Amino acid sequence: MSVIQAVPGAPTLHRLGYHGGVMRVWAVSLVVAALLVAGALVDAASLSRTATATATINAVARLTLSSTSLAFPDTDPDTTPAIPASGGAITITAKARTTIGDTVTLVVQAADDLRSGLDTILATQLRWTSTGTGFVAGTMSKTAAQSVASWTSSGAWSGTQSYTLLNSWTYATGTYSTTLTYTLTAP
């Protein structure tokens, strides 16, 4: 067992201020005061700033056609009064961003009647049926754009357009063609 002896003239616990539990209370008080001051300093060093996030969304439209050509094979007008396009239906995908409540439109117009040299088949002989939300059936025109579909507000839509060419014994022989222009508008 070791014995600790006081050295003459050395400070003792009593001389350092230890008077029973007083030293402990004084030490605890000092720690609490330090924590309060530290907390006040943390609050004093806290600052707030703001930032503004801005996104510019412009009107934009995108149109995709599954095929860019239509072919109508020669058939007997008595057995096939309306010739379906040999490639089947065209799948149309339209995407548009516009103001809420604005109408997005898809139209088609023929550049001219179907022509083979000087011979013609009226553009109005081209007809179509449609499937899909907003899509409508119609008849081709060379003088005015015809509605294919319309929707309200921004979105993405898909549908089909199945063309037929009305067949007639009065058509002169030849290979006829015209250009069809689709226009998707998102105001």
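Around SER177, with a cut-off of 15 angstrom between Cβ atoms, what is the net charge of the other residues, counting Lys and Arg +1 and Asp and Glu -1?
-2
Let me check the size of segment 60-185 from its C-alpha atoms; what are the radius of gyration and Dmax in Å?
15.7, 51
How large is the charge dipole for segment 34-174, taken about the Cα centre, if only the Cβ atoms of Lys, Arg (+1) and Asp, Glu (-1) carry charge, to the nearest 20 debye?
540 debye
Relative to the present Cα-Cα distance, how much length would full extension add between ILE100 and THR64 at 0.36 nm per residue of separation?
10.7 nm
Quick query: amide H of ASP102 versus all other amide H atoms, modeled in the peptide plane; which residues come in under 5 Å with a sequence gap of 5 or more or a different chain?
SER153
Report the gain in length on full extension from SER153 to THR91: 0.36 nm times residue separation, minus Cα-Cα distance, nm rounded to one decimal.
That works out to 20.2 nm of additional length.
Can you work out the FRET efficiency for the pair LEU118 and THR170, with r the C-beta to C-beta distance and R0 = 22 Å, to the nearest 0.05?
Efficiency computed from Cβ-Cβ geometry: 0.90.
Residue by residue through segment 80-85, what is 3J(HN,Hα) from phi via Karplus (6.51 cos²θ - 1.76 cosθ + 1.60, θ = phi - 60°)? Round to whole Hz and write x for glycine and proline.
Those phi angles translate into 9, x, 9, 8, x, 4 Hz.
Going 7 Å from the Cα of LYS142 along its beta-carbon direction, which residues of segment 153-187 have the amide nitrogen within less than 18 Å of the resulting point?
165-168, 170-182
Only the coordinates and a few stated rules stand behind these numbers; no lab work does. The model shown is predicted, which means the values in this text are computed figures rather than measured ones. For neighbour counting, all protein chains shown are included, and Cβ atoms are generated from backbone atoms with ideal geometry for every residue, glycine included.
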